[in-house]
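Take a look at the structure set out below.
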Amino acid sequence: MAVTETPPETVSAASETAPSAPRPQPTGLAAVLGSGDHKVIGRLYLASGLLFGTFVLVLGALFSDEAIAPKTLDVFTRDTVFQFFTLYRVGTVFLLALPLVIGIALAVVPLQVGARTVAFPRAAAASYWTWLTGAGLLLASYAMNGGPGGGRASGVDLWIVAMAVLTLSVLVAAISLATTVLALRAPGLTIARTPFYAWSVLVAAILWLVTLPVLFGLLVVMYVDHRHGGTSIGANAGLYARITWLLRNPQIYVVAIPVLGFAADVLTTTARARVTLRPAVLGGIGAFGVLSFGAFLATNDADAVKTPLYIGMSLLALLPILAVLAGAADTFRKGSFHLTAGFAYAVSALLALLLGVAAGALGSIPGLDVTGTIYDIGVSHAIVLAAVIGSIGGVHWWATKVLRQPAKEAPGLLAPVLLLLGTAAVVIPDLISGLAGDKGELAPDYTGGIKGLNVVVLIGVVVLVLGIVTALAALLPALSAADDVAADPWTGSTLEWLAPSPPPLGNFTADLPVVTSAEPLIDLREEA
Amino acid sequence: MAADATFALPPAAPPARPRVLLVGTALASIGTFMAFAGLLGIYLSARSAVIHKGVAWLPKGASIPLTPGNMGFATMLLSGVTMWWAVDAVGRNDRQSAYLGLGLTIFFGLAVINATSFTYTQMHLPVRSTPGVFIYAVTGAHLAMIIAGLVFATVMTFRTLGGEYQGRDREGLTAAAVFWYATIAVSAVIWLAIYVTK
């Protein structure tokens, strides 16, 4: 008779008689580099995203400067402009927006769902280090004259590998985040009661999981092809054309899905009332996720953007944003209004997203013929900047959980205004240029745009940089330790505000109550 | 003590909730499946474009023999049964059957790798051709998935039988089985799109 089962009481008795010595917690650099704590990993993602993002922004500023005199190349050379252009375009998603979005999600989502850790903490940590490696390889590939349009075959191969590594890192983070929401929710916290932000991260993670593997598969084919002559996918320059579906609507929307959750969470918390239109908001976020599925464009069929499916998806994508706005407005109608920096960030991020999605809807109308022009870059910029504003806003809103104490409110109120103005100044001229017939992405200098409007774009970039500096100025004081930081500075309604500020390893110091509604903290306050 | 006496074992511990590994593996399987959906979508799109020009998809002298493809796919289907057997045996704490089921699954997996390698030698298809690039990329990626599935299943079986998961709580091996079934689903699509349709 084979018995493989050990009675549970035997195990517990054995552990009682031989208690294991507590392992000393690592300190200093080891606590950062070897940590599986989701807050540390989130902070690493955020810091690295800001670092690499600054580089991407500088590149964007140089392109804006170059575009003021579009007929001549003053900053870039004829040999390198295409490489810098592709680095900039890919960098906006993989080096700027995604690390910021993943960073704040990793730091906040486990707290929001009442989990003591993120699912697969070592995988989450591995995703960061893989992303960092991929980002380094991406820059190295360009440094060795690789990337699309590069003159060195090994550099082009390295670019493909770097893109695959970056994609893989995002997928690992997506699995970790989605599993946290699906499997580690606190008792009683059903999916219908899940906070908006955690729900939006779940939707985003699932969309990453069903679309980015298509990019991964494409990169596998690209690698095999390029290693053997590059006759099928296209020569070096052709590689970029094969991944542009990733940088245009609807696929680019997947980067900014969490913006909807962030805005819904912050706006409804600020109103300090229960959300009655919760199903509409949750459904809206889910619908936006479905409408963001753009992997069907990966076949590189130019006619795909003329199909009713594409046009319908682009037009319908506006509705979910309106549903979120309606849910927030209804909550404000019943609650009260408090102007906070979080509110300003939420509104700015939502308006930037609305701008991008509305432009995407407009551009999909047959007859306007803006596909492949600078118009697409404008849409992409709006979505990426919405994700950036939302992520920085998230750090500000959850500063006591992500950092160490509340961020400064005064500069925090100014920053989102500057960021929104900068976004409008960067995006709208590109949209106008695209509608006016400028073929930006096809221009020999890859800058495009109408000369006079390009000055506005440059001013927009400067305003954006000012906005980011102001946001960082608001966040810097939150990095230093403080005593008696309030656990719930915003009179929040979701579980993360039950955790001490800053949260310890394991997040919560006491057992959580069984959740009985979507606003467990309002329940607790009412009971008290 | 009578030889036929029955011994009442303590009830198995309730399955650990939540099933994090199972959920994570299901998500990873979906992602992997989508990678192959993308690969095959690009493959079929390229194939359709070539055929539309009135050109034969496979270059002259190249062919994709169906027999090894059929054998490979049938073997994958069979491995699905043995994997199910291993999962069931672990649930019954039957080590012998679990090892046998897993051993057969690994054997079948290796047989598929062998069949695919044999197909490569018979295709006479240069990599430096559009069909070559796509077919080697798709089937090569599937071989990598098979190897990953086998390693996952082996590790999870030993961890389960080593006591990490107890009795009916066989989450680890169930997770490995989910990934293996995804591998079989992918092989079904590849078999149809590449070996049958050519």
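Protein heavy-atom surface of the range A:160-219, 1.4 angstrom probe: 83% of the accessible area is carbon and sulfur, with nucleic acids and ligands not counted.
Relative to the dominant Cα principal axis of chain A, helix A:318-334 is inclined by about 40°.
Couplings 3J(HN,Hα) of the range A:286-295, computed from phi: x, 5, 4, x, 4, 6, 8, 5, x, 5 Hz, in residue order, whole Hz [Karplus 6.51 cos²θ - 1.76 cosθ + 1.60, θ = phi - 60°; x for Gly and Pro].
From helices alone, the protein assembly as shown scores -22500 deg cm²/dmol at 222 nm; the rule is -39500 (n - 2.57) for each run of n ≥ 4 DSSP H residues, then divide by the residue total.
The range A:358-404 gives an Rg/Rh value of 1.28, both radii derived from C-alpha positions and Rh following Kirkwood.
To the nearest 0.05, how large is the calculated FRET efficiency for B:A56 and A:A482 if R₀ is 60 Å and r is the Cβ-Cβ distance? About 0.25, to the nearest 0.05. Solvent-accessible area of A:W159, all protein chains in place: 0 Å² (probe radius 1.4 Å, heavy atoms, ligands and nucleic acids excluded). In terms of its alpha-carbon gyration tensor, the range A:300-351 comes out oblate; a/c meets the 1.5 threshold, while b/c is at least as large as a/b. Going from the isolated chain to the complete set of protein chains, the range B:127-151 loses at least 50 Å² of heavy-atom accessible area (1.4 Å probe) at B:R128, B:V133. Interface burial in the range A:142-185, defined as at least 20 Å² less accessible area with all protein chains than with the chain alone at a 1.4 Å probe, covers A:I175, A:T179, A:L182, A:A183, A:L184. Among the protein heavy atoms, those of B:F107 account for about 130 Å² of accessible surface (1.4 Å probe, every chain in place).
The ellipsoid equivalent to the alpha-carbon distribution of the range B:131-198 has semi-axes of 32, 11, 5 angstrom, derived from the gyration tensor eigenvalues as √(5λ) and listed largest first.
Tell me the per residue accessible area of the range B:20-196 using a 1.4 Å probe; a whole number in Å² is fine. Present the calculation step by step, with values, prior to reporting the outcome.
On the way: 7340 Å² over 177 residues.
Solvent-accessible surface per residue comes out at 41 Å².
Projecting the Cα atoms of A:H381, A:A135, A:G449 onto the charge dipole of the range A:36-527 (Cβ charges, centred on the Cα centre) puts A:A135 farthest toward the positive pole. Per residue, the solvent-accessible area of chain A (1.4 Å probe, heavy atoms of protein chains only, all protein chains present) comes to 36 Å².
Projecting the Cα atoms of B:A144, B:T154, B:F134 onto the charge dipole of chain B (Cβ charges, centred on the Cα centre) puts B:F134 farthest toward the positive pole. Between A and B, roughly 2900 Å² of accessible area is buried in total, ligands, DNA and RNA not counted and the probe set to 1.4 Å. Computed with a 1.4 Å probe over protein heavy atoms only, the accessible area of A:I459 comes to about 100 Å².
Taking amide H positions as modeled 1.01 Å from N, with prolines and chain starts lacking one, no residue 5 or more places away or on another chain lies under 5 Å from A:T491.
Just the protein heavy atoms count here, and of the accessible area of the range B:20-196 at 1.4 Å, carbon and sulfur take up 70 percent.
When +1 charges are put on Lys and Arg Cβ atoms and -1 charges on Asp and Glu Cβ atoms, the dipole computed for chain A relative to its Cα centre reaches about 180 debye. Radius of gyration over Kirkwood radius for the protein assembly as shown, both on Cα atoms: the Rg/Rh ratio is 0.99.
Rounded to the nearest 10 degrees, the inclination of helix A:121-143 to the longest alpha-carbon principal axis of chain A is 20 degrees.
If I build a Gaussian network model for chain B, linking alpha-carbon pairs within less than 10 angstrom, which residue out of B:T157, B:T130, B:T116 has the largest mean-square fluctuation? Among B:T157, B:T130, B:T116, the largest mean-square fluctuation in the Gaussian network model of chain B belongs to B:T130. The label point for A:A192 and the one for A:L316, both projected 7 Å from the Cα toward the Cβ, are 2.4 nm apart. The relative contact order of chain B, computed from alpha carbon pairs under 8 Å that lie at least 6 residues apart in sequence, is 35 percent. In this structure, A:R122 and A:L51 have a Cβ-Cβ separation that, at R0 = 30 Å, corresponds to a calculated FRET efficiency of about 0.80. Helix B:171-190 axis versus longest C-alpha principal axis of chain B: approximately 20°, rounded to the nearest ten. Note on A:L472/A:T133: beta-carbon distance plugged into 1/(1 + (r/R0)^6) with R0 of 22 Å gives a FRET efficiency of 0.25.
The values are calculated or read from the model by the stated rules, or taken from the named source; none is laboratory data. What you see is a predicted model, and the numbers here were worked out from it, not measured in a lab. Quick reminder, even Gly has a Cβ in these numbers, built from the backbone with ideal geometry, and neighbours come from all protein chains shown. Areas reflect the complete protein model, heavy atoms only, side chains present, ligands, DNA and RNA absent. Shrake-Rupley method; radii C 1.70, N 1.55, O 1.52, S 1.80 Å.
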